[in-house]
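**Student:** Quick one: structure below, then a few questions.
The values are calculated or read from the model by the stated rules, or taken from the named source; none is laboratory data. All figures in this text were calculated on a predicted structure; none of them were measured in a lab. Quick reminder, even Gly has a Cβ in these numbers, built from the backbone with ideal geometry, and neighbours come from all protein chains shown.
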Amino acid sequence: MILITGGAGFIGSVLQAALARQGQATIVADRLRDTGKWRNLAAHPPDEIIPPDALDAWLATSPPLSAVIHLGAVSATTATDGDHTWASNVALSQRIWRHCAAHRVPLLYASSAATYGDGSAGFDDDASLAHLETLRPLNLYGFTKHAFDLWVARRLAAGRPAPPFWAGLKFFNVYGPNEYHKGAMISVVKVKHDEVAQGLAPRLFRADAADLADGQQKRDFIWVDDVVDVMLWLLGAHGAPSGLYNLGTGQARSYLDLAHAVCRANGAPEAVEFIPMPKSLRGQYQNFTEARMHRLRAAGYTRPFTSLEDGVTRYVHAYLRGPTPYR
Ligand code: NAD
């Protein structure tokens, strides 16, 4: 039995669908709320849904778990409530880590590319304390994800107990079906699709750095199935060492490329409108992210990642314009 925290969310529900398809029993810890998130699970309901407030009590008497996949978090890079974000992203993660260490349960948990801040210290998923201490996240969300990575590194350095296998996954920009509840945090692929579907030219923020042309801000965009494939592979005990793993494609792509791919997938002309970057994002905006993927490759993961063009086409044709947008 596998516990997925955040299993009603975007990545969690696509992973839960894949596990259910394999015949795995899954327990989800999450809130369904009234955002239609239940639709993320409609085609493959889990055995149980545990409200986050009841998770500690549930874990205290839980049946043996074969793995915990901890994705539950305040996932908004714009979060401002420090206490709530710390409680969800750090304190809960610490309790789950301790549980997995004490009960010898393998653990995958979500970290984030936001831990790299402006990228000036590079994008290397080196889990050593010395390296982690060089990173400076730009926002509260990234700070909390980084704080947990650091806490893990300090515990390991102190020889404290750890789960028998663990992987902290530094997701880059994930896009795909089941992300529709995410409001302002929905992927840029979906936002640009909606603009094009309304007959508008996709709008992109003007560059806020002097040496950067408009549309040339770059991110490492990754199709959600590639993320799920890596998680399933890590769970499959292929001998990967425990540690932090970047989870992007290894190739930064521009927002202009993304907008053009969305236009093409919708059969629309490749036109783009540039708009000023909102004040709230200035100084907190990552102009470039690109995952260094050597650690996952060295661990033995060999499958290629989906190109931005193929992922966007699949998302638009099979989901956004398909019979159902849900997995
Ligand atoms: P999401 O918001 O769709 O999913 C997160 C889920 O966690 C939500 O359903 C939320 O209700 C749930 N949650 C919040 N607090 C919880 C708690 N205390 N206990 C249990 N569940 C709780 O986001 P997502 O995009 O699916 O992200 C999944 C994980 O990956 C998150 O930890 C996020 O920070 C991380 N991540 C995502 C991306 C991305 O591009 N989507 C990038 C980097 C990191």
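**Student:** Would a scan of the stretch 15-23 turn up a residue that is more than 13 Å from the ligand (Cβ to nearest atom) and part of a loop (DSSP other than H, G, I, E, B)?
**Tutor:** Yes, the stretch 15-23 contains at least one residue that is more than 13 Å from the ligand (Cβ to nearest atom) and part of a loop (DSSP other than H, G, I, E, B).
**Student:** Go through A237, A210, A201 for me and flag whichever is assigned to a loop (DSSP other than H, G, I, E, B) and without any contact (Cβ under 8 Å) to a residue 12 or more places away in the chain.
**Tutor:** Only one candidate qualifies: A210.
**Student:** Taking the stretch 25-40 as the search range and keeping residues that are within 11 Å of the ligand (Cβ to nearest atom) and surrounded by fewer than 15 Cβ atoms within 10 Å (Cβ to Cβ), which one is nearest to K182 (Cα to Cα)?
**Tutor:** Taking the candidates together, the pick is T35.
**Student:** Only one of R39, R31 is modelled with pLDDT of 95 or more, basic (K, R) and part of a helix (DSSP H, G or I). Can you tell me which?
**Tutor:** Selected residue: R39, the only one of R39, R31 that is modelled with pLDDT of 95 or more, basic (K, R) and part of a helix (DSSP H, G or I).
**Student:** Please list, ordered by first then second residue, the pairs with beta carbon atoms under 6 Å, 6 or more apart or interchain, first in the stretch 73-99 and of a type in the set (A, V, I, L, M, F, W, C) and part of a loop (DSSP other than H, G, I, E, B), second more than 9 Å from the ligand (Cβ to nearest atom) and modelled with pLDDT of 95 or more.
**Tutor:** Cβ pairs passing all conditions: V74/T85; A79/T85; A79/L140.
**Student:** Residue by residue through the stretch 53-75, note down the ones that are within 23 Å of Y141 (Cβ to Cβ) and crowded, with 16+ Cβ neighbours inside 10 Å.
**Tutor:** If the condition is that a residue be within 23 Å of Y141 (Cβ to Cβ) and crowded, with 16+ Cβ neighbours inside 10 Å, then L55, V68, I69, H70, L71, G72, A73, V74, S75 are the ones that fit.
**Student:** List pairs: first residue in the stretch 164-188 and closer than 12 Å to W223 by Cα and without any contact (Cβ under 8 Å) to a residue 40 or more places away in the chain, second residue part of a strand (DSSP E or B) and within 7 Å of the ligand (Cβ to nearest atom) anywhere in the structure, Cβ distance under 9 angstrom, at least six positions apart or on different chains.
**Tutor:** S187/N173; S187/V174
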